[in-house]
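Student: Got a structure for you, questions after.
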There are 2 protein chains.
Amino acid sequence: MGKRTGRKVCLSLSALLAFNSLAYVANADTNNGSTVPKTHYLAANSDNVRWGNIGKGDPVLTVNSGDIVTVEAITHHSGDDYERMIKGDAGVEDIFHWEGDDKHEADRGPGVHIMTGPIAVEGAEPGDVLEVKILDMKLRPNGNEEYAGKTYGVNAAANWGYLYGEMVEEPKTREVVTIYEMDSDGVTDYATALYSYRWTPQTDPDGKVHPTIDYPGVIVDHDTIEKNFNVLEGVKVPVRLHFGTMAVAPKEADVVDSVPPSYYGGNIDDWRVTEGATMYYPVSVSGALLTIGDPHAGQGDSELNGTAIETSVTGDIQITLHKKANLDNKLSELNYPLLENENEWVVHGFSYANYLEELGENAQKDIYNNSSIDKAMKDAANKAKAFLMKGMELSEDEAYSLMSVSTDFGITQVVDGNWGVHAVIGKGQFGEAEQKTVNLRTSFEGFGAKVGWQTATQTISISYNGNTLSAVIGATTGTYNGATVKLTAPVQLKDGKAVVSDYFASFYQSVLSKTN
Amino acid sequence: MGKRTGRKVCLSLSALLAFNSLAYVANADTNNGSTVPKTHYLAANSDNVRWGNIGKGDPVLTVNSGDIVTVEAITHHSGDDYERMIKGDAGVEDIFHWEGDDKHEADRGPGVHIMTGPIAVEGAEPGDVLEVKILDMKLRPNGNEEYAGKTYGVNAAANWGYLYGEMVEEPKTREVVTIYEMDSDGVTDYATALYSYRWTPQTDPDGKVHPTIDYPGVIVDHDTIEKNFNVLEGVKVPVRLHFGTMAVAPKEADVVDSVPPSYYGGNIDDWRVTEGATMYYPVSVSGALLTIGDPHAGQGDSELNGTAIETSVTGDIQITLHKKANLDNKLSELNYPLLENENEWVVHGFSYANYLEELGENAQKDIYNNSSIDKAMKDAANKAKAFLMKGMELSEDEAYSLMSVSTDFGITQVVDGNWGVHAVIGKGQFGEAEQKTVNLRTSFEGFGAKVGWQTATQTISISYNGNTLSAVIGATTGTYNGATVKLTAPVQLKDGKAVVSDYFASFYQSVLSKTN
């Protein structure tokens, strides 16, 4: 059975379930007099994802500006360990299903990532900017009772890795898959390597042999591999949960490879795209058409061997539309994915700022042969300068000086076709201009929340829409609905009053707005 | 008067002063039964520095392994504001002195940095490794009563800057000097821009006109420039004090340009080469011949416009020789400058790992036309892999995976001829193997120190050789001889006992060993 039929069946099943989400629902709920945004749930299944394509297409969900969406995102590497990453999880089984002629997600390509979406945003038009706040990210426990409660991830040293063919040991062109298991000591989340194996030729249900990792979703036959359980003993890799790929649809093509990042975001593979961060994307098609995927549990700047710790994650995001007419100086000429968090602005440069346009008709092939870090650095430097000039209202000379004395340029990735360099600009150096301090009580009560204070324990608690955030003054962690969370910044005391940054206030007002 | 005569006069004056340092002095002082290393003072003046050359040469000081040296390091950009950075400071005036034919440091080149040294290390031979711990760094207040107590620095957007000729505003090829003033709010040290000016052709005392910044130590005539005091208003650049250039002499040439970094260290321009860090250099000539210079008050990864905030700094360093026969796995094949601090190992890659050897006879010219970030990344990736395999005893597959999931690659600099990429490897992921916890009292008492404990304030105090370090459990700052200092890590309580990392213990044992 081909893809179309498979999808049709599932769609008819899910149409009923999705009806409420797809329909326009006014944001009519109120809390303490203020309007509470609608919260949607977008499950990962073969109806709600596309495999490898971040181009235009029918939305699986339409939201209003300000709405919150809980998004399930699934790693495309799950097939590297079927037992630990697919079996028993209905959504993942549905997406990966491929038995004989019955292949769900038959249309895999031109890229590799399982992308949840697209999500259409009411009223979004080219020239607008889409803001995506990442309110929460949680690892997705596997569905197999045998490994109950555990979460696994995959790092594949793949044929597109930076040192492929240049290893010192033979065979130099080997591909090696390492399965990681995520754990926590209560304070720090970490990943440990469980076992590794060398990729061996794998035969898919169509009878095609895959001598290398050249097609997504092939289930590795564990009878054909040799597992090495003696791997990275005692090493605990720090967990940095993030979305490797989050994109609005580009205007230049209909079907777009999910692998090379570009002006519309996509596979940026910056581990800073994590809980507590906000992304800004230039909208270039009606509805924006946001897709989310490629979740990672850990990655270094460069993603050297081709992949991160690829795992599945469920995230809460808030989507806010900024209309072209009302854009501030930082956003009014935005032509790349910009990141903001509590302490930084991060500008993303690429070998080609808009490779689809720059490389012409064969762009989606040619991009894989033309990238360099040097090109990406030049792009990042020019973008950072433009950001400082326009966004921070500096002269060109001021901007250039600041880029040299305090801006850190790092190598985002060298494995995604369109290579990346990012520039990290600290907000602290601009003082109140970029880290405005606000009175916590005034800000949150103005928002409609209830603010409580316990002198004995120096604890502030903020309640809104059935949610409660508590934090001790000066602490880096707090509790949210009873669970420990890392705060974007500690709450401070200033002249006897609790104060936070305006970013903190805005971020946690969004977090508290989620309807459970 | 040419250089030789000028130096000769000064040398005859300083020979007497330097005699004790040059002579072999046994480390005979003792404290609580342990041996206290000798502390030397190396002032910056025209006897003790070379300008632009980090090659072989007569040492100005000879030390034994374990000795501590207080080193004055002077910025070569002081001439950009004579009043604020030269006038009234005898050492700096001496170095920059150039009136008519009377030119101290007449031999400026082939590089630009004022390098204090060389310091010879007794017994150092090719194949050994020289360890340099940076125990302390302090800004050098200017010597002009009019600006008493203040310290200034220079950022020059220079002709070797990354975007020179590619600015959007005209003239695209302008060079702009920004004078910064360093300050502190008691918690954070920062720099603010005071004024800037565009470089105008400057005539040196020999009558030669310098249309661009093409020769070090030219005193800018402030009657020829236009000062813009309206620059970076309200911006407080975080201070990151570090030595831009620290080198052992290479074997390949006698006179060596101080600008391009290489296997022997030199102008790495990594802001992590700061107080609390330890550098390891492969020795390639007898005596090692360490030189120190190019102090910076602030720099971002990339040093984009050609310079940092260039200022003058006095540092305490401890020099330790590791003989070839006794090198551990991390050092036994070291062929590049390696950095260690409390939490990280930092591997430094360059476009050319050893450009003097690789580029042949004209290497010192050709290096300026052949660098790229792509080449530096390849070098950094291969070095990081080798470090993880040899130093951490990982297989090649384990190392490659870890490089992808947790190692951050950044762009060190793109302006020093031989461009740099660094790899930051976290120690924490290796647990006790790299961050061994030691009992503070046992460790420091074993070293010969007195350890005190105040239960009421949870304060530990460690005294040795007339110095005292105090720290409250869990605090990020402590006091050292009464002054507030940032600790490399907080002291922790474990099972009711104060514990620190072995790096902390080793570092502060060195700090306490300085004889004041």
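Student: Evaluate the charge dipole of the protein assembly as shown about its Cα centre and quote only its size in Debye, nearest 20, assuming +1 on the Cβ of each Lys and Arg and -1 on the Cβ of each Asp and Glu.
Tutor: Its charge dipole is roughly 1880 debye.
Student: From the residues B:Pro126, B:Ser463, A:Leu331, which one has its Cα farthest along the dipole of the protein assembly as shown in the positive direction, the dipole being from +1 and -1 charges on Cβ of Lys/Arg and Asp/Glu about the Cα centre?
Tutor: Of the options given, the answer is B:Ser463.
Student: Out of the GluC sites (Glu not before Pro) in region B:34-141, which ones are loop residues according to DSSP with at most 16 other C-beta atoms within 10 Å?
Tutor: Those that pass, being in a loop and sparsely packed, are B:Glu122.
Student: Within region B:461-516, which trypsin sites (Lys or Arg not before Pro) sit in a loop by DSSP and count at most 15 neighbouring Cβ atoms inside 10 Å?
Tutor: Within region B:461-516, no trypsin sites (Lys or Arg not before Pro) qualify (loop, at most 15 other Cβ atoms within 10 Å).
Student: When the helix-only estimate is applied to chain A (DSSP H runs of n ≥ 4, each -39,500 (n - 2.57), divided by the residue count), what is the mean residue ellipticity at 222 nm, nearest 500 deg cm²/dmol?
Tutor: Value at 222 nm, helices only, nearest 500: -4500 deg cm²/dmol.
Student: Follow-up question, since we're still on this one. Copy-to-copy spacing for B:Ser332, label 7 Å out on the Cα-to-C-beta vector, in nm, shortest first?
Tutor: 6.4
Student: Only Lys, Arg, Asp and Glu count, each charged at its Cβ (+1, +1, -1, -1), so figure out the dipole size of chain A about its Cα centre, rounded to 20 debye. Don't skip to the answer; put the middle values down first.
Tutor: Details: 41 positive and 71 negative charges, 269 e Å.
Computed about the Cα centre, the dipole is about 1280 debye.
Student: Which three extents, in whole angstrom, do the alpha-carbon atoms of the protein assembly as shown cover along their principal axes, largest first?
Tutor: Sorted from largest, the Cα extents of the protein assembly as shown read 96, 66, 60 Å.
Student: Would you mind ranking A:Val273, B:Val415 by Cβ crowding within 10 Å, fewest neighbours first? Show your work: numbers first, answer last.
Tutor: Details: A:Val273 27, B:Val415 23.
Fewest-to-most ranking of A:Val273, B:Val415: B:Val415, A:Val273.
Student: Moving to a separate point now. Out of region A:327-432, which GluC sites (Glu not before Pro) are coil in DSSP terms and have no more than 12 other C-beta atoms within 10 Å?
Tutor: Passing sites in region A:327-432 are A:Glu333, A:Glu393.
Student: Using Stokes-Einstein with the Kirkwood hydrodynamic radius over Cα pairs, what translational diffusion coefficient do you get for region B:466-516 at 20 °C and a viscosity of 1.002 mPa s, in µm²/s rounded to a whole number?
Tutor: So the translational diffusion coefficient is about 188 µm²/s.
Student: Using a Förster distance of 25 Å, how high is the FRET efficiency between A:Glu166 and B:Asn369, based on the Cβ-Cβ distance and rounded to 0.05?
Tutor: 0.50
Student: To the nearest Å, what is the center-to-center distance of region A:156-234 and region B:421-460, using C-alpha atoms only?
Tutor: 37 Å
Student: Relative contact order for region B:244-336 using alpha-carbon pairs under 8 Å, separation at least 6, rounded to a whole percent? Could the numbers behind the result be given before it?
Tutor: Values: 124 pairs, mean separation 28.2, N = 93.
This gives 30 percent for region B:244-336.
Student: May I pose another question? Please report the net charge: other residues with Cβ closer than 11 Å to the Cβ of A:His77, K and R +1, D and E -1.
Tutor: Values: positive: none; negative: A:Asp80, A:Asp81, A:Asp294, A:Glu310.
Combined, the nearby Lys, Arg, Asp and Glu give -4.
Student: Still on this structure, I have one more. What does the average come to when, for each residue of peptide B:406-417, you count the partner chain Cβ atoms lying within 10 Å of its Cβ?
Tutor: Mean partner-chain Cβ count within 10 Å for B:406-417: 6.
Student: Specify which residue in the list B:Gly410, B:Asn341, B:Ala399 is farthest towards the positive end of the charge dipole of region B:338-433, using unit charges on the beta carbon of Lys, Arg (+1) and Asp, Glu (-1), about the Cα centre.
Tutor: B:Gly410
Student: What does the C-alpha gyration tensor say about the overall shape of region B:247-323? Classify as rounded when a/c is under 1.5, otherwise prolate if a/b is larger than b/c, or oblate.
Tutor: oblate
Student: Could I have the simple spin-label model distance between B:Lys436 and A:Glu83, label points 7 Å from Cα toward Cβ, reported in nm to one decimal?
Tutor: Taking the two extended label points, one gets 3.8 nm.
Student: Something else about it: Please state, to two decimals, what the Cα-based radius of gyration of region B:338-433 comes to when divided by 2.2 N^0.38 Å (N = residues).
Tutor: Against the compact-globule rule of thumb, the ratio is 1.17.
Student: Please report, in whole Å, how far the alpha carbons of region B:95-214 spread along each principal axis, starting with the longest.
Tutor: 55, 43, 36 Å, listed from the longest principal axis down.
Student: Just counting partner chain Cβ atoms within 10 Å, what average do the residues of peptide B:376-383 show around their Cβ?
Tutor: Rounded to a whole number, the mean comes out at 4.
Student: Around B:Glu226, under 13 Å between beta carbons, what's the net of Lys plus Arg minus Asp minus Glu among the other residues?
Tutor: My count for the surroundings of B:Glu226 gives 0.
Student: Sticking with this one: Which shape class, rounded, prolate or oblate, goes with region A:324-378 when its Cα gyration tensor gives a ≥ b ≥ c as root eigenvalues, a/c under 1.5 marks rounded, and past that a/b bigger than b/c marks prolate?
Tutor: oblate
Student: Output, in nm with one decimal and in ascending order, the distances from the A:Gly446 label point to the matching label points of the other copies (7 Å from Cα along Cα-to-Cβ).
Tutor: Result for A:Gly446, in nm, nearest copy first: 5.8.
Student: Compute the distribution of all C-alpha to C-alpha distances in chain A, in bins of 20 Å from 0, and list the percent of pairs in each, rounded to whole numbers.
Tutor: 22, 57, 20, 1
Student: Okay, next question. Net charge around A:His322, counting only other residues with Cβ within less than 14 Å of its Cβ (Lys, Arg = +1; Asp, Glu = -1)?
Tutor: -3
Student: Here's something else I'd like to know. Could I have the simple spin-label model distance between A:Tyr215 and A:Ala90, label points 7 Å from Cα toward Cβ, reported in nm to one decimal?
Tutor: 2.9 nm
Student: Sequence gap at least 6, Cα distance under 8 Å: using those rules, report the relative contact order of region B:39-322 to the nearest whole percent.
Tutor: 32 percent
Student: Enter the mean number of other protein chain beta carbons within 10 Å of the beta carbon of each residue in A:154-160, as an integer.
Tutor: Values: counts 0, 5, 2, 6, 1, 0, 0.
The per-residue average across the peptide is 2.
Student: Pairs A:Lys375/B:Lys390; A:Lys390/A:Lys427; B:Lys324/B:Lys375; A:Lys87/A:Lys150; A:Lys251/A:Lys427; A:Lys150/B:Lys390: which exceed 23 Å Cα-Cα?
Tutor: A:Lys375/B:Lys390; B:Lys324/B:Lys375; A:Lys251/A:Lys427; A:Lys150/B:Lys390
Student: Hey, for A:Gly360 with labels 7 Å out along Cα-Cβ, what do the inter-copy distances come to in nm, ordered shortest first?
Tutor: Relative to the other copies, A:Gly360 has label-point distances of 3.8 nm.
No value in this document is a laboratory result; all are computed from the given coordinates. Everything quoted here is computed from the prediction, not taken from an experiment. Every residue, glycine among them, receives a Cβ derived from its backbone with ideal geometry; neighbour counts consider all protein chains shown.
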